[in-house]
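*Asks:* My structure is below; once you've seen it, I'll send some questions.
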Amino acid sequence: MKISKDALNFNKEILFGEIGAMLGAPFFSYIFSKFSLSANTFATLTVVGVMISASVFWLFMRIYDKTRNGRIEKKKFIEDLAYLTPVASLLAFLIYYPTLFLLSRYFFENNYRVVSSAIFSQMTAFGFFLFSINMYRYLLLKLTGKKL
């Protein structure tokens with residue numbers, strides 16, 4: 001199976017967003033664990049940290065990739081976002097965030113350290129999300145010919 005440069009860039013952008021999430025989850029978790037030791041609050045703030053930092057890092061890399069390749073057309077960029085954002089958000093809310101929330105709460109309740117709880121749950125949730133978003137990208141390409 002041949003992997004295209006577009007597929008590599010797509011996954012690099014997702015991975016860069018995940019790097020942002022990996023930085024944001026423990027940061028938010030650690031900072032807010034100083035104010036509350038509730039497992040639900042901890043898990044919720046882990047998810048919030050991921051949402052904010054992953055979005056910022058992903059968008060930065062997406063713009064960087066498109067400008068670096070000289071392919072940033074405002075209309076095309078917005079069209080790509082229209083195909084990607086709703087599905088990515090749906091997958092995040094159905095798969096990624098629940099996995100992250102439930103695992104981080106589980107680890108925290110079972111006396112794992114705050115940062116390791118956030119990181120372990122983050123890695124697992126990202127694996128599920130990465131598989132799902134790539135399946136969407138593949139199906140979109142096969143059914144419509146649309147490349148993201």
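*Asks:* Where a Cα-Cα gap under 20 Å defines reach, which lysines qualify for Lys147, not counting those fewer than 8 residues away within the same chain?
*Replies:* Lys2, Lys5, Lys12, Lys66, Lys74, Lys75, Lys76
*Asks:* Grab the DSSP H runs of the chain that are 4 residues or longer, score each as -39,500 (n - 2.57), total them, divide by all residues and round the 222 nm result to the nearest 500 deg cm²/dmol. It would help to have the intermediate numbers written out before the result.
*Replies:* Details: 5 runs with 121 residues, N = 148.
Calculated at 222 nm, the ellipticity per residue is -29000 deg cm²/dmol.
*Asks:* Now for a separate question. Want the number for Phe93 to Asn40: 0.36 nm per residue separation, take away the alpha-carbon distance, what's left? Please report the intermediate quantities before stating the final value.
*Replies:* Details: separation 53, 0.36 × 53 = 19.08 nm, distance 1.68 nm.
Once the chain is fully extended between Phe93 and Asn40, it gains 17.4 nm.
*Asks:* As an exercise, use a Förster radius of 35 Å and the Cβ-Cβ distance of Met135 and Phe60 to find the FRET efficiency, rounded to the nearest 0.05.
*Replies:* Details: r = 25 Å, r/R0 = 0.71.
The formula returns an efficiency of 0.90 here.
*Asks:* Same structure again: Who wins for biggest fluctuation among Arg68, Arg105, Arg113 in a Gaussian network model of the chain, springs between alpha carbons below 10 Å?
*Replies:* Looking only at Arg68, Arg105, Arg113, the biggest GNM fluctuation is shown by Arg68.
*Asks:* Further question: Where in the chain are the helices, taken as whole DSSP H runs, whose Cα atoms extend 24 angstrom or more along the long axis and whose Kyte-Doolittle mean reaches at least 1.0? Please list the in-between numbers first.
*Replies:* Working: long enough: 5-33 (41 Å, 0.52); 39-68 (43 Å, 0.80); 74-91 (25 Å, 0.40); 114-144 (44 Å, 1.12).
Both cut-offs are met by 114-144.
*Asks:* Hey, what's the chain come to in accessible area per residue, 1.4 Å probe, Å²?
*Replies:* Details: 8760 Å² over 148 residues.
I get 59 Å² per residue for the chain.
*Asks:* Counting only protein heavy atoms and using a 1.4 Å probe, what share of the accessible area of the chain belongs to carbon plus sulfur, as a whole percent?
*Replies:* Details: 6160 of 8760 Å².
That share works out to 70 percent.
*Asks:* Right, next: Determine the principal axes of the Cα atoms in the chain, then give the extent along each, sorted from largest to smallest and rounded to whole angstroms.
*Replies:* 48, 26, 24
*Asks:* Let me ask another. Could you give the length gained by full extension between Val48 and Ala7, i.e. 0.36 nm per residue of separation minus their alpha carbon distance, to one decimal place? Let's see the in-between values first.
*Replies:* Numbers: separation 41, 0.36 × 41 = 14.76 nm, distance 2.78 nm.
Stretched fully, the Val48-Ala7 segment lengthens by 12.0 nm.
The values are calculated or read from the model by the stated rules, or taken from the named source; none is laboratory data. These figures come from a predicted structure and were not determined experimentally. No Cβ is skipped: glycine too gets one built from the backbone with ideal geometry, and neighbour counts run over all protein chains shown. Areas reflect the complete protein model, heavy atoms only, side chains present, ligands, DNA and RNA absent. Shrake-Rupley method; radii C 1.70, N 1.55, O 1.52, S 1.80 Å.
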